[in-house]
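Student: Quick one: structure below, then a few questions.
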Amino acid sequence: MIKLKIRPEYAVLYGVDESSVLMPSAGETIRDYVVRSGIGKEENILPVVNNRAKPWDYSFSEGDVLEIYPMAASG
Amino acid sequence: MKGYWGRILSIDLSDSAITAITPDERLYRDYIGGSGIGARLLYDMTGPETDPLGPDNPIIWMTGPFTGTKVPTSGRHQITSRSPLTGIFGESDAGGRFGTALKRSGWDGVIVKGMSDKPVIIVIRDDKVTIEPAGGVWGKDTFYTDKHMKERFGPSCETSCIGVAGEKLVPISCIGHDGENARMAGRCGFGAVMGSKKLKAVAVIGNRETEIADPERLMAQQKKMVPIIVEKTKGMHLLGTAGGTAAAEKMGDIPVQNWRRGNWPDAEKITGQVMADTILTKNYYCASCPIGCGRDVEIKNGKWAGVKGAGPEYETLGLMGGSCLVNDLEAITYAADLCNRHGVDTIEAGSAVAMAMECFEKGFLSRDELDGINAEWGSAEALVALTEKICSAEGVGKLLGLGVAGMARKIPGAESFAVHVKGLTFPAHDPRCFNTLALGYATSNRGACHLSSSAYFFEKTAVMPEFGYEKPRQRYTEGGEGLLNFHAQNLMGLMDSLKMCKFTIYGGVNVTEICEWYEAVTGIKTSVKEMAETGERIFNLKRLYNIRLGLRRKDDRLPERILSTPRRDEGTGDYTPDLEPMLDEYYRVRGWDDDGVPKPETIERLGLS
């Protein structure tokens with residue numbers, strides 16, 4: 001099983017309700033999951049798996065924790 | 001030629017001569033304004049012999065054709081001079097309202113040279129320009145000075161001024177605008193240039209509008225792009241630049257413990273979200289800006305009570321927070337407020353404190369040498385106490401106020417962890433996180449600068465379709481860093497010359513829109529190719545300035561800590577940049593020789609002969 005967490009600021013910015021979002025699956029890439037779930041646009045998301053940022057072609061493994069951060073500009 | 005006044009004010013403080021320069025139209029065509037014209041003037045007015053703190057070094061405030069118009073985010077100006085911090089080409093850009101006021105005073109820019117015997121201010125009221133005694137503002141902070149000028153000259157008066165640090169010639173001092181809202185021209189030590197001239201402030205009261213070539217076209221563009229910019233930058237509006245702090249930690253972007261580590265979970269305690277939930281009072285907007293990323297904060301209670309004004313930006317949080325391991329948002333805000341009041345660059349100050357903490361840890365600086373301050377990693381008290389020392393230029397503050405490069409020259413053995421390029425310390429973005437940053441820092445003309453290339457924008461979310469970058473590049477892609485930096489540096493130089501905020505790139509603005517706005521404002525027909533070449537000309541001119549000073553490939557370097565210290569964490573792996581192949585590609589793309597000198601044919605093609 002893969003856990004999903006959406007950062008509160010992402011939820012506020014893009015109006016996402018975590019409880020109604022589809023879950024990722026093992027073997028699925030982050031990019032495919034984001035498209036399938038409709039959670040947002042790639043350009044607005046920093047995907048973090050197991051506490052560190054991961055590339056978009058990362059494939060989930062059982063036990064992963066995916067966190068959705070806003071890719072807010074930081075100057 | 002619309003969008004300009006066609007005249008630049010020149011003031012010599014040695015003999016109080018005030019003159020108007022009316023440059024040839026070619027200067028505006030070839031160098032646009034802001035950064036470009038500032039660089040051209042500096043190149044022509046100085047030479048290798050010019051002392052950055054001497055009377056012959058001019059300090060130049062320049063607006064661009066967009067300044068004072070309704071082009072989104074155009075309320076900006078550029079300050080150019082030879083840097084007393086680095087000794088090389090220097091420039092610093094600021095938002096706020098001063099640039100707009102200067103443009104509305106009927107001048108495209110102001111050149112100040114010479115040196116006054118006594119502290120003075122310059123007052124520009126449209127055509128009436130006076131040099132007046134500084135009086136009671138000398139010795140006062142930037143907030144007081146700005147407020148005093150508004151009381152004296154009216155609420156529309158905008159001020160570019162120094163604090164006490166600039167008066168005392170602190171090498172990392174800077175220039176403030178907008179009073180407590182603190183829009184600082186932070187980098188390159190220009191507070192000391194003003195201080196050396198005994199120039200406390202330039203106060204501007206302007207009420208004129210420059211003529212726009214095609215106001216309807218500009219309005220149509222504005223109506224089209226502003227909603228897009230607002231939508232795409234709503235994260236910055238909501239959380240400011242600090243909104244990226246948590247994400248930066250997850251990526252390995254934020255500096256941690258003087259660039260030794262790649263992760264720091266305490267970043268969660270100093271984010272824009274925490275700021276919004278605790279001390280944020282409202283957003284602050286620079287002139288003509290629809291984004292409003294500025295933070296106004298207030299600390300009413302507790303140890304760091306009394307702060308009321310600008311909240312810390314991401315860069316400040318990165319250097320005073322992550323790099324010092326200080327997780328107390330209010331203490332960082334307090335230290336940043338000290339810097340804003342005294343006119344000190346928070347990037348350099350935070351870096352200097354981090355370096356002092358490492359010196360303390362390694363035994364290079366004793367507690368006695370640190371004036372009794374217990375400079376342990378993570379100590380909020382030490383951060384504030386050392387910042388106070390820097391700001392007042394007292395005790396060990398004189399050492400830290402030299403910046404990390406200057407500290408390394410004074411502390412044997414410290415160069416191995418002094419993180420700077422060409423004397424300018426790193427901003428809060430790690431080149432082990434974004435491949436293109438390594439090359440961007442190494443080749444930036446003013447030293448380590450994330451904004452002169454901003455190539456990492458295009459490894460996050462931004463695109464440059466006009467130059468073949470339809471999608472953001474993966475940040476660890478190898479190869480092509482030279483070409484991306486070439487395009488990005490040219491584009492950033494162009495934007496710094498037109499005067500617009502680079503955050504519009506996150507807002508979906510590309511070169512095509514910039515060309516549209518340029519044509520609407522000036523009436524000069526242009527193209528993406530021509531604009532890109534103008535950016536290239538401007539970048540090369542700055543390079544030639546430094547070449548004239550003797551800089552070469554040996555100076556396009558990265559510090560030992562970055563090149564040889566893998567951080568061994570999951571965010572960045574063991575990646576360290578392999579700079580030499582990047583430089584080879586970059587020099588080839590730029591038309592420079594193997595030593596980094598622009599080839600004669602490049603100089604000829606760009607009209608720089």
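Student: So which of B:383, B:365 ends up being hydrophobic (A, V, I, L, M, F, W, C) and under 25 Å from residue B:329 (Cα atoms)? Show your work before the answer.
Tutor: Values: B:365 fails: under 25 Å from residue B:329 (Cα atoms).
Within the list B:383, B:365, the selection yields B:383.
Student: Next up: Counting only residues that are facing another protein chain (nearest Cβ under 9 Å) and either under 22 Å from the mean Cα position of the chain (by Cα) or at pLDDT below 95 (or both), how many does the range B:274-302 have? Spell out the reasoning first.
Tutor: Step one: list which residues in the range B:274-302 are facing another protein chain (nearest Cβ under 9 Å), which gives B:276, B:293.
Checking which are either under 22 Å from the mean Cα position of the chain (by Cα) or at pLDDT below 95 (or both) leaves us with B:293.
The qualifying residues number 1.
Student: Quickly run through the range B:1-52 and pick out the residues that are among the hydroxyl-bearing types (Ser, Thr, Tyr) and over 21 Å from residue B:452 (Cα atoms). First the steps, then the outcome.
Tutor: Let us first name the residues in the range B:1-52 that are among the hydroxyl-bearing types (Ser, Thr, Tyr), namely B:4, B:10, B:14, B:16, B:19, B:22, B:28, B:31, B:35, B:43, B:46, B:50.
Those that are among the hydroxyl-bearing types (Ser, Thr, Tyr) and over 21 Å from residue B:452 (Cα atoms): B:4, B:10, B:14, B:16, B:19, B:22, B:46, B:50.
Student: Which residue pairs have Cβ atoms closer than 6 Å, lie 6 or more positions apart in sequence or on different chains, and pair a first residue in the range A:1-21 that is more than 9 Å from chain B (Cβ to nearest Cβ) with a second residue that is aromatic (Phe, Trp, Tyr)?
Tutor: Going by the 6 Å Cβ cut-off, the qualifying pairs are A:2/A:60.
Student: Continuing with this model, one more query. Quick check on this structure: which one of A:34, A:48 is within 14 Å of chain B (Cβ to nearest Cβ) and either under 16 Å from residue B:250 (Cα atoms) or more than 12 Å from the chain's Cα centre (by Cα) (or both)? Please lay out each step first, then the result.
Tutor: Details: A:34 fails: either under 16 Å from residue B:250 (Cα atoms) or more than 12 Å from the chain's Cα centre (by Cα) (or both).
Sole residue among the options that is within 14 Å of chain B (Cβ to nearest Cβ) and either under 16 Å from residue B:250 (Cα atoms) or more than 12 Å from the chain's Cα centre (by Cα) (or both): A:48.
Student: Can you tell me which residue among B:56, B:108, B:127 is out of contact with any Phe, Trp or Tyr (no Cβ under 7 Å at 6 or more places or on another chain), at pLDDT 95 or above and either in the same structural domain as residue B:195 (by TED's automatic domain parsing) or under 19 Å from residue B:191 (Cβ atoms) (or both)? Working first, answer last.
Tutor: Values: B:108 fails: out of contact with any Phe, Trp or Tyr (no Cβ under 7 Å at 6 or more places or on another chain); B:127 fails: at pLDDT 95 or above.
The conditions single out B:56.
Student: Oh, and also: Among B:530, B:601, which is the only one that is farther than 29 Å from residue B:470 by Cα and without any contact (Cβ under 8 Å) to a residue 12 or more places away in the chain? Spell out how you get there, then give the answer.
Tutor: Numbers: B:530 fails: farther than 29 Å from residue B:470 by Cα.
That would be B:601, the only listed residue that is farther than 29 Å from residue B:470 by Cα and without any contact (Cβ under 8 Å) to a residue 12 or more places away in the chain.
Student: Hey, another quick one. So residue B:466 passes all but one of these: (1) over 16 Å from residue B:577 (Cβ atoms); (2) at pLDDT 95 or above; (3) in contact with a strand residue (DSSP E or B) (Cβ under 9 Å, 6 or more places away or on another chain). Which condition number does it fail?
Tutor: Status for residue B:466: all satisfied but (3).
Student: Find all pairs meeting these conditions: Cβ atoms under 6 angstrom apart; at least six residues apart or on different chains; first residue within the range B:197-214 and on the phi > 0 side of the Ramachandran plot; second residue among the hydroxyl-bearing types (Ser, Thr, Tyr).
Tutor: B:198/B:116
Student: Could you list, in sequence order, the residues of the range B:306-328 that are of a type in the set (Val, Ile, Thr) and either surrounded by fewer than 24 Cβ atoms within 10 Å (Cβ to Cβ) or within 14 Å of residue B:338 (Cα to Cα) (or both)? Write out each step before concluding.
Tutor: Pass one, the range B:306-328, residues of a type in the set (Val, Ile, Thr): B:307, B:316, B:326.
Across the range B:306-328, the qualifying residues are B:307, B:316.
Student: Applying the selection to the range B:132-173, what residues are in contact with a Cys (Cβ under 6 Å, 6 or more places away or on another chain) and surrounded by fewer than 20 Cβ atoms within 10 Å (Cβ to Cβ)? Full working, then the answer.
Tutor: First, pick out the residues of the range B:132-173 that are in contact with a Cys (Cβ under 6 Å, 6 or more places away or on another chain): B:142, B:145, B:149-150, B:165.
B:150, the sole residue that qualifies.
Student: Any idea which residue in the range B:219-246 is modelled with the highest pLDDT, counting only those that are under 23 Å from residue B:348 (Cα atoms) and hydrophobic (A, V, I, L, M, F, W, C)? Before the answer, list the steps.
Tutor: Step one: filter the range B:219-246 for residues under 23 Å from residue B:348 (Cα atoms), giving B:240-246.
Narrowing further to those that are hydrophobic (A, V, I, L, M, F, W, C): B:242, B:246.
On the way: B:242: 96, B:246: 93.
The residue in question is B:242.
Student: Same structure, new question: Within the range B:88-104, is even one residue surrounded by fewer than 24 Cβ atoms within 10 Å (Cβ to Cβ), among the β-branched types (Val, Ile, Thr) and under 15 Å from residue B:193 (Cα atoms)?
Tutor: For the range B:88-104, residues surrounded by fewer than 24 Cβ atoms within 10 Å (Cβ to Cβ), among the β-branched types (Val, Ile, Thr) and under 15 Å from residue B:193 (Cα atoms): present.
Okay, residues lined up against (1) without any contact (Cβ under 8 Å) to a residue 24 or more places away in the chain; (2) in a strand (DSSP E or B); (3) within 15 Å of the chain's Cα centre (by Cα):
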{"site": "B:438", "(1), (2), (3)": "no, no, no"}
{"site": "B:448", "(1), (2), (3)": "no, no, yes"}
{"site": "B:462", "(1), (2), (3)": "no, no, no"}
{"site": "B:472", "(1), (2), (3)": "yes, no, no"}
{"site": "B:484", "(1), (2), (3)": "no, no, no"}
{"site": "B:489", "(1), (2), (3)": "no, no, yes"}
{"site": "B:513", "(1), (2), (3)": "no, no, no"}
{"site": "B:519", "(1), (2), (3)": "no, no, no"}
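Student: Next question, about the same structure. Provide a single number: the residues in the range B:275-290 that are surrounded by fewer than 19 Cβ atoms within 10 Å (Cβ to Cβ) and either more than 24 Å from residue B:97 (Cα to Cα) or outside the structural domain of residue B:305 (by TED's automatic domain parsing) (or both).
Tutor: Selection size over the range B:275-290: 2.
Student: Between B:117, B:146, which is among the charged types (D, E, K, R), within 20 Å of residue B:309 (Cβ to Cβ) and either out of contact with any strand residue (DSSP E or B) (no Cβ under 9 Å at 6 or more places or on another chain) or part of a helix (DSSP H, G or I) (or both)?
Tutor: Values: B:117 fails: within 20 Å of residue B:309 (Cβ to Cβ).
Answer to the selection: B:146.
Student: Here are some residues: B:563, B:551, B:583, B:558. Which one is assigned to a loop (DSSP other than H, G, I, E, B), over 30 Å from residue B:27 (Cβ atoms) and under 26 Å from the mean Cα position of the chain (by Cα)? Talk me through it step by step, then tell me what you get.
Tutor: Details: B:563 fails: assigned to a loop (DSSP other than H, G, I, E, B); B:551 fails: over 30 Å from residue B:27 (Cβ atoms); B:583 fails: assigned to a loop (DSSP other than H, G, I, E, B).
One residue alone meets the criteria, B:558.
Student: Moving on to the next point. State yes or no: is residue B:180 part of a helix (DSSP H, G or I), within 30 Å of residue B:405 (Cα to Cα), of a type in the set (D, E, K, R) and not assigned by TED's automatic domain parsing to the domain that holds residue B:341?
Tutor: Details: part of a helix (DSSP H, G or I): yes; within 30 Å of residue B:405 (Cα to Cα): yes; of a type in the set (D, E, K, R): yes; not assigned by TED's automatic domain parsing to the domain that holds residue B:341: yes.
So residue B:180 fits the description; yes.
Student: Test each condition in (1) under 23 Å from the mean Cα position of the chain (by Cα); (2) surrounded by 21 or more Cβ atoms within 10 Å (Cβ to Cβ); (3) within 14 Å of another protein chain (Cβ to nearest Cβ) for residue B:238 and report the one that comes out false.
Tutor: (2)
Student: May I pose another question? What number goes with the only condition from (1) assigned to a helix (DSSP H, G or I); (2) touching a helix residue (DSSP H, G or I) at 6+ places or on another chain (Cβ under 7 Å); (3) free of Cβ contacts under 8 Å to residues at least 60 places away in the same chain; (4) more than 14 Å from chain A (Cβ to nearest Cβ) that residue B:391 does not pass?
Tutor: In the conditions (1) assigned to a helix (DSSP H, G or I); (2) touching a helix residue (DSSP H, G or I) at 6+ places or on another chain (Cβ under 7 Å); (3) free of Cβ contacts under 8 Å to residues at least 60 places away in the same chain; (4) more than 14 Å from chain A (Cβ to nearest Cβ), residue B:391 misses (3) alone.
Student: If you check residue B:505 against the conditions, is it within 14 Å of another protein chain (Cβ to nearest Cβ), buried (at least 17 other Cβ atoms within 10 Å of the Cβ) and assigned to a helix (DSSP H, G or I)?
Tutor: Working: within 14 Å of another protein chain (Cβ to nearest Cβ): yes; buried (at least 17 other Cβ atoms within 10 Å of the Cβ): yes; assigned to a helix (DSSP H, G or I): yes.
Yes.
Student: Which is surrounded by 24 or more Cβ atoms within 10 Å (Cβ to Cβ), in contact with a Cys (Cβ under 9 Å, 6 or more places away or on another chain), within 22 Å of residue B:73 (Cβ to Cβ) and not aliphatic (A, V, I, L, M), of B:447, B:493, B:440?
Tutor: Details: B:447 fails: within 22 Å of residue B:73 (Cβ to Cβ); B:493 fails: in contact with a Cys (Cβ under 9 Å, 6 or more places away or on another chain).
Exactly one residue qualifies, and that residue is B:440.
The values are calculated or read from the model by the stated rules, or taken from the named source; none is laboratory data. In this text the structure is predicted, and so the values were computed from the model without any measurement. All Cβ positions, glycine included, derive from the backbone under ideal geometry; neighbour counts span all protein chains shown.
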